[in-house]
Ligand code: PLP
């Protein structure tokens, strides 16, 4: 389908990259569950030779994700971590990367425990402070890897200013946009060179698939990513590609409710006497609320709050009934978790303390259930604290 350049985001979500199947007219891209493709004659084929290299279901998803992130192209991988690994493949031994200090724990683990062994260097800085970013740059810095909002303390990085700074230093800006989704924030429009996602989260949206994507802008970056995807082979499967495609069709409407529920829960918790502090960019007392209003369209469904102690957090987590105690985020159902012992358990205790992940911190991924039911669940669970 030829889409008008001016179509709006929700229309792109539904239609971008989606063609009726040429052999049947099926409106939904089929799951091409095949490993190979029959060739018409020696050297004559329909653009598909082997399914690690090309798959029509994955190609439809990649076109869809490139469009909704405003990129030039996209490559889908078997997980968010595989997508981050693909970004790391731009680096060579001796290169240096500046990373947001409270980046996802798995990203930290990949960088520190795996990639350092290949002679790469990483510096972790508070990227909400661009003066700190600039002073962390060295002559060998090749990437600025930013997460905004961060997990789980919801600190923001000014994407426009970060991209200007990166450009001045000839450093590529890569943004992990998993927490916001392109419905809320489109880093490429602020000058980012690449965006990565764990599609496991909001893009798929239904907690039933693990995947990742890299969206890029420059042709040479896309050429390398395509080459790397085929060489390393951690592709997204046809079925998972189909699931994520199905997910993105409702991304715009889901994110509206995720954001509304996130804001309502943050406001409720901020007024609760047992809650010491709430971390949510939509609250006026968030230190970067003005930046959030400029850079984000809605504030998303992720929030965290401090109950003061591990014991208080445990009591709350053991008493929720509707919210599920689970890692991950971005699904239609609300999840609640304890970063210090779950998502960030692989981060050393002193680093956790430095980035504000206390033992009393609880994280919520607000789903799209009725807000009154979510609030009632927290109310009764806070009663046990
Ligand atoms: N980036 C962020 C912000 C995440 O929260 C996660 C997973 O939780 C990842 C990357 C890794 O994604 P995956 O679990 O799909 O490998």
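The values are calculated or read from the model by the stated rules, or taken from the named source; none is laboratory data. Remember, it's a predicted structure, so these values are computed and weren't measured experimentally. Virtual Cβ from ideal backbone geometry, glycine too; neighbours counted across all protein chains shown.
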- Scan the stretch 60-71 and give yes if some residue there is surrounded by fewer than 20 Cβ atoms within 10 Å (Cβ to Cβ), within 24 Å of residue 145 (Cα to Cα) and in contact with a helix residue (DSSP H, G or I) (Cβ under 6 Å, 6 or more places away or on another chain), otherwise no. yes
- Query: Regarding residue 384, is this residue over 18 Å from residue 198 (Cβ atoms), touching a residue at least 60 places away in the same chain (Cβ under 8 Å) and surrounded by fewer than 18 Cβ atoms within 10 Å (Cβ to Cβ)?
  - Reply: yes
- Message: Criterion first (at negative phi and buried (at least 16 other Cβ atoms within 10 Å of the Cβ)) does residue 12 satisfy it?
- Response: yes
- Query: In the stretch 211-228, what residues are under 17 Å from residue 240 (Cα atoms) and either surrounded by fewer than 21 Cβ atoms within 10 Å (Cβ to Cβ) or more than 9 Å from the ligand (Cβ to nearest atom) (or both)?
  - Reply: 213, 214
- Task: Among the residues of the stretch 351-374, write down those that are outside any loop (DSSP other than H, G, I, E, B) and buried (at least 18 other Cβ atoms within 10 Å of the Cβ).
- Result: 352, 361, 362, 363, 364, 365, 374
- Checklist (1) out of contact with any strand residue (DSSP E or B) (no Cβ under 6 Å at 6 or more places or on another chain); (2) farther than 29 Å from residue 202 by Cβ applied to residue 56, failing item: (2)
- Task: Restrict the check to the stretch 259-276 and report whether at least one residue is more than 27 Å from residue 317 (Cα to Cα) and assigned to a helix (DSSP H, G or I).
- Result: no
- Filtered residue count, the stretch 244-267, keeping only those that are surrounded by fewer than 19 Cβ atoms within 10 Å (Cβ to Cβ) and under 19 Å from residue 333 (Cα atoms): 8
- Identity of the residue in the stretch 301-333, within 16 Å of the ligand (Cβ to nearest atom), assigned to a loop (DSSP other than H, G, I, E, B) and free of Cβ contacts under 8 Å to residues at least 60 places away in the same chain, that ends up surrounded by the fewest Cβ atoms within 10 Å (Cβ to Cβ): 327
- Message: Can you tell me which of (1) farther than 27 Å from residue 297 by Cα; (2) in contact with a strand residue (DSSP E or B) (Cβ under 7 Å, 6 or more places away or on another chain); (3) not in a helix (DSSP H, G or I) is the one residue 146 doesn't meet?
- Response: (1)
- Item | Scope the stretch 105-125; condition out of contact with any strand residue (DSSP E or B) (no Cβ under 8 Å at 6 or more places or on another chain) and either free of Cβ contacts under 8 Å to residues at least 12 places away in the same chain or under 23 Å from residue 349 (Cβ atoms) (or both); matching residues | 105, 106, 109, 110, 113, 114, 117
- Query: Inside the stretch 151-168, can you point out the residues that are touching a strand residue (DSSP E or B) at 6+ places or on another chain (Cβ under 7 Å) and at pLDDT 95 or above?
  - Reply: 154, 157, 159, 162, 163, 166
- Item | Spans of helices (runs of 4 or more DSSP H) in the stretch 46-115 with at least 2 residues away from the ligand (no atom under 16 Å from the Cβ) and under 17 Å from residue 243 (Cα atoms) | 56-68
- Note on the structure: Residue set 230, 177; condition under 30 Å from residue 371 (Cα atoms) and in the same structural domain as residue 99 (by TED's automatic domain parsing); output residue 177
- Note on the structure: Taking the stretch 288-300 and keeping only residues that are buried (at least 21 other Cβ atoms within 10 Å of the Cβ) and either part of a helix (DSSP H, G or I) or free of Cβ contacts under 8 Å to residues at least 12 places away in the same chain (or both), one is left with 292, 295
- Message: Taking the conditions exactly as written (at negative phi and touching a residue at least 60 places away in the same chain (Cβ under 8 Å)), does residue 147 satisfy them or not?
- Response: no
- Note on the structure: Among residues of the stretch 168-192 being free of Cβ contacts under 8 Å to residues at least 60 places away in the same chain and surrounded by fewer than 24 Cβ atoms within 10 Å (Cβ to Cβ), the residue nearest to the ligand (Cβ to nearest atom) is 191
